[in-house]
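The values are calculated or read from the model by the stated rules, or taken from the named source; none is laboratory data. Please read these numbers as outputs of a predicted model, since none were measured by experiment. Backbone-built Cβ (ideal geometry, glycine too); neighbour counts: all protein chains shown.
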């Protein structure tokens with residue numbers, strides 16, 4: 001369980017106060033979007049709305065506010081999601 005402080009990026013978790021690194025969160029979300037990426041460039045958008053909006057502002061996805069349960073990654077977003085997926089989640093060859 002965590003406790004959020006008055007500043008939105010500071011949390012107490014497991015007895016330790018931590019600052020949330022939004023860039024790391026955005027990288028992880030974009031990398032995970034690669035898992036559900038279809039050939040049409042669509043990926044499931046079931047992630048934190050703030051992170052999804054930041055990815056839109058950075059040009060990685062098209063406008064996310066709609067009734068669809070997916071987002072469309074831009075060419076830049078597809079390339080970066082692949083890179084981040086491999087960096088963060090792929091097993092390293094020995």
Could you please let me know if residue 41 is under 10 Å from the mean Cα position of the chain (by Cα), under 26 Å from residue 90 (Cβ atoms) and surrounded by 14 or more Cβ atoms within 10 Å (Cβ to Cβ)? no
Every pair of residues 6+ apart whose Cβ atoms lie under 6 Å, when the first sits in the range 7-31 and is closer than 14 Å to residue 50 by Cβ while the second is at pLDDT below 85 and part of a helix (DSSP H, G or I): none
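Within 21 Å of residue 90 (Cα to Cα) and outside any loop (DSSP other than H, G, I, E, B), is that true of residue 35?
Numbers: within 21 Å of residue 90 (Cα to Cα): yes; outside any loop (DSSP other than H, G, I, E, B): yes.
Against the criterion (within 21 Å of residue 90 (Cα to Cα) and outside any loop (DSSP other than H, G, I, E, B)), residue 35 qualifies.
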Within the range 45-60, track down each residue that is over 11 Å from the mean Cα position of the chain (by Cα) and at negative phi. 57, 58
Within the group 86, 80, which residue is assigned to a helix (DSSP H, G or I) and surrounded by 15 or more Cβ atoms within 10 Å (Cβ to Cβ)? 80
Looking only at the range 49-73, which residues are surrounded by 12 or more Cβ atoms within 10 Å (Cβ to Cβ) and assigned to a loop (DSSP other than H, G, I, E, B)? 58, 59, 60, 62, 64
